[in-house]
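What follows is calculated from the coordinates using simple rules that are stated; it is not laboratory data. Because the structure is predicted, anything quoted here is derived from the model rather than measured. Note that each Cβ is placed from the backbone with ideal geometry, even for glycine, and that neighbours are counted across all protein chains shown.
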Amino acid sequence: MMLRLLSSLLLVALASGCGQPSYHPSSRVVNGEDAVPYSWPWQVSLQYKKDGAFHHTCGGSLIAPDWVMTAGHCVSSSLTYQVVLGEYNRAKDEGSEQVIPVNAEDLFVHPLWNPNCVACGNDIALIKLSRSAQLGDAVQLACLPPAGDILPNGEPCYISGWGRLYTGGPLPDKLQQALLPVVDYDHCSQRDWWGSSVKKTMVCAGGDIHSGCNGDSGGPLNCPTADGSWQVHGVTSFVSAFGCNTLKKPTVFTRVSAFNDWIEEVMSSH
């Protein structure tokens, strides 16, 4: 009962004042465009330490002042991480950044995630920050969708991240965004699309022009709601081995609304 009460309080906390950027997104990620600065204020850069310096490895979403949601494949217990909030141009210190260390014991990967089988699903992880984020214009919370929520085919969502601009290409300095319409399960699971590699706990979005790429992993699939706010419906998971923007191989995301219970349980017990 206490866990259920905590979950209810958590949902209320997550639902209030989230998903409403102070700077509105304009209507790379592959073939994307520079995002409006701080228009995805829950977007984070997850960075790992190597040779005394930190390097961008994945994206993520700030879902509570001290919690980040990312992909399971982005996290390794053998690495040291930090999270950068309020980031836009990675080549400049713009004054809005918050750099927060992550303790090794505060990495929570879904227990059913199998690094040898990305198509098996459950590619989701939570990171508890060592201190709470300071919310403001450049740093705000993401809204999560209701449990079980399924987006219709063609829903106009946006991917955002600092992933490669094309297969094998460079990482951009500025945060990129791209419009990725949702491809529903019936289409995405067809044999000449992703087939059985796609599960109902995933979301497909995009097509052969716009896509995610290496470095976008863990970042959000941002989808509009009727009231003008945004919800993070997906955690960027995988693209085709044939290239980031391959025909009939949309970017595949972990469907957040399939994991609400797990998210609530981890956050309320730590």
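Counting each DSSP H run of 4 or more residues in the chain as -39500 (n - 2.57), what helix-only mean residue ellipticity at 222 nm follows after dividing by all residues, to the nearest 500 deg cm²/dmol?
Rounded to the nearest 500, the figure is -3000 deg cm²/dmol.
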Inset, instruction - Return the long-range amide H neighbours of G207 (sequence gap of 5 or more, or a different chain), with a cut-off of under 5 Å between placed amide H atoms. - result: T251
Legend entry - Square roots of five times the Cα gyration tensor eigenvalues for segment 63-193, Å: 27, 20, 17
Legend entry - Compactness relative to 2.2 N^0.38 Å, alpha carbon Rg of segment 155-257: 1.00
Legend entry - Rough spin-label spacing in nm, given labels placed 7 Å along Cα→Cβ, for S96 and D34: 1.3 nm
Inset, instruction - Starting from segment 29-121, pick out the trypsin sites (Lys or Arg not before Pro) whose DSSP state is loop and whose Cβ has at most 14 other Cβ atoms within 10 Å. - result: K92
Legend entry - Reachable lysines, given that their alpha-carbon falls under 25 Å from the alpha-carbon of K200 and they are not under 8 places away in the same chain: K248, K249
Legend entry - Spatially proximal aspartates and glutamates relative to K49 (Cα-Cα < 20 Å; intrachain offsets below 8 disregarded): E87, D93, E97, E105, D106, D173, D216
Legend entry - Length added when fully stretched, R131-D173, from 0.36 nm per residue minus Cα-Cα: 12.5 nm
Inset, instruction - Determine the dipole magnitude for the chain: charges of +1 sit on the beta-carbon of Lys and Arg, -1 on that of Asp and Glu, nothing else is charged, the reference point is the Cα centre, and the result goes in debye to the nearest 20. - result: 480 debye
Legend entry - Alpha-carbon gyration tensor eigenvalues x 5, square-rooted, for the chain, Å: 24, 22, 19
Inset, instruction - Could you pull out every one of the lysines with an alpha carbon less than 24 Å from that of K50, ignoring same-chain neighbours closer than 8 positions? - result: K92, K128, K174
Legend entry - Extent along principal axes [Cα atoms of segment 165-215; Å; largest to smallest]: 36, 20, 19
